[in-house]
Amino acid sequence: MSFRPAPEPTPSGRLINLLFPALALVSTPLFGDSPFAVDVVHFDPGVGGIPGYDHPESALGGPTRTTGGSLFPAAVTPFQPAWLASEVVSLGIGGTIELAFDHLVLDDPNNLFGIDLLIFGNAFCTDTNAPWGVVGGIYEEGGQIEVSLDGREWVLIPGAMADGAFPTLGWQDTGPYTEAAGRIPTDFTKPVNPNRHSNGLIGLDFDAILETYDGAGGGVGIDLASVGLAAIRFVRITNTGVDSTPEIDAIADVAPGPDPRLPGDLNADGLVNGIDLGLLLAAWGTNDATADLNGDLIVNGPDLGLLLADWTG
C-alpha cells in the first residue's frame, strides 16, 4: 500500500470541479465500480492506538460481516462488533486516516433519508438483558469526520462521530450473539432511518433492531447537503480526543433508493405522528396537496384515515 497526496486535478478534473453542483442530479457513481473506499491517501496512527491495529488497508473495501476468525467466530451484530486487526484500524490521539473513493460520492436526492455517505466503526450496544439483546447504551469512541472533493480543501461534518451509531449489522437472519454467518446479508449501501425512534436504539430488543435497520447494515450517516456540498471523493477521520481510540472499518457511498416517506409523513421526517396530524388538521377542508392524501381535492375524513393507517408514533 502506497500513501500519496491527492493528485493535481487534470483538465477533466478541473471541469468536474466547475460543474460538480450539477452532478447532484446524477444517481449513479461516476468513474468507478466500488461503493467503498479503494485507496489510503494518508495515515498517521497517532499516539496510544491499539498495538497491532495500525494497518490502514483494513479500512478499505466493505464493512466486516463475520469476525473472530476460526477460533472465535461471530456474526457481526450491534452487540458483537468487528475486532480483528485485519478488520479495523485504530487511531490514537492525533491519529488520522484519509481514504479515497474511485468515483464521486454525490448529494443525490434519490438517496434514502437524504444520507449520502456512511462511516462504519466498531461501536457496539451494551446489553441490559444478555444474552437476549436489549440495548442499554451505545459505546462510541468518536472520530472527527471531514470530507473533500479534491483532497485539499476539507469541510468538517459537525456533530458526527466516525466510530458511533448505528453499530454494524452484518446479517438479517442472526441473533444478537450468533457465532455462524447468516444467509441473508444486510445492505452496506443502505442507511438506517435516523428518525425511526426518538431515543435511537436505546431500549430496543434485537427483533426491534432488525425491524429498525430494515435490511440496512448500520453506519454513521452523513448528508452532504448539510454542509453545502454537491459531491466529494475523499474522507478524512481524525482522533481529536484524549482518552479514546476510534476504530474504523469502512466507508460507503449510499446507493439511491425509492422514496422512503410514508404517505402520511407530511413533514418528511420519516415518522407519522402528532406533528403530521396537526398539519393535516390545519389543512382541514382545503385542497392542500400535501395533506390531500387520496387526491380528491379536499382534506377530510378519508385523508385522516390514511394518515392514521401509516401511524408510527
Tell me the per residue accessible area of the chain using a 1.4 Å probe; a whole number in Å² is fine. 45 Å²
Using θ = phi - 60° and Karplus 6.51 cos²θ - 1.76 cosθ + 1.60, couplings along region 105-111 (whole Hz; Gly, Pro as x): 8, 9, 6, 9, x, 8, 6
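To the nearest 0.05, how large is the calculated FRET efficiency for Leu156 and Val242 if R₀ is 25 Å and r is the Cβ-Cβ distance? Spell out each step's value before the answer.
Values: r = 19 Å, r/R0 = 0.75.
According to the calculation, E is roughly 0.85.
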I'd like the accessible area for Glu57: 1.4 Å probe, protein heavy atoms, all chains in place, Å² to the nearest 10. 80 Å²
With each run of n ≥ 4 DSSP H residues scored as -39500 (n - 2.57), what mean residue ellipticity at 222 nm is computed for the chain after dividing by its residue count and rounding to the nearest 500 deg cm²/dmol? -3000 deg cm²/dmol
Which residue fluctuates the most in the chain, going by a Gaussian network model with Cα springs under 10 Å, if the choices are Ala59, Ala180, Ala123? Ala180
For a label point 7 Å along the Cα-to-beta-carbon line of Asp33, residues of region 102-137 with backbone N under 15 Å: 102-103
Within 10 Å, count the other beta carbons around each residue, average over each peptide in 149-157, 230-238, and list them highest first. 230-238, 149-157
Of all alpha-carbon pairs in region 117-199, indicate the percentage at a distance above 14 angstrom. 73 percent
Can you give me the orientation-averaged projected area of the convex hull built on the Cα atoms of the chain, in nm²? 18.0 nm²
Sorting Ile93, Ile119, Ile275 by accessible area (1.4 Å probe), largest first, what list results? Ile275, Ile93, Ile119
Virtual paramagnetic centre 7 Å along Cα→Cβ of Leu84, amide N under 17 Å, in region 30-69: 52-69
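The values are calculated or read from the model by the stated rules, or taken from the named source; none is laboratory data. Keep in mind that this is a model prediction, so the values were computed, not measured. Virtual Cβ from ideal backbone geometry, glycine too; neighbours counted across all protein chains shown. Side chains included, ligands, DNA and RNA excluded: accessible areas come from the protein's heavy atoms. Shrake-Rupley method; radii C 1.70, N 1.55, O 1.52, S 1.80 Å.
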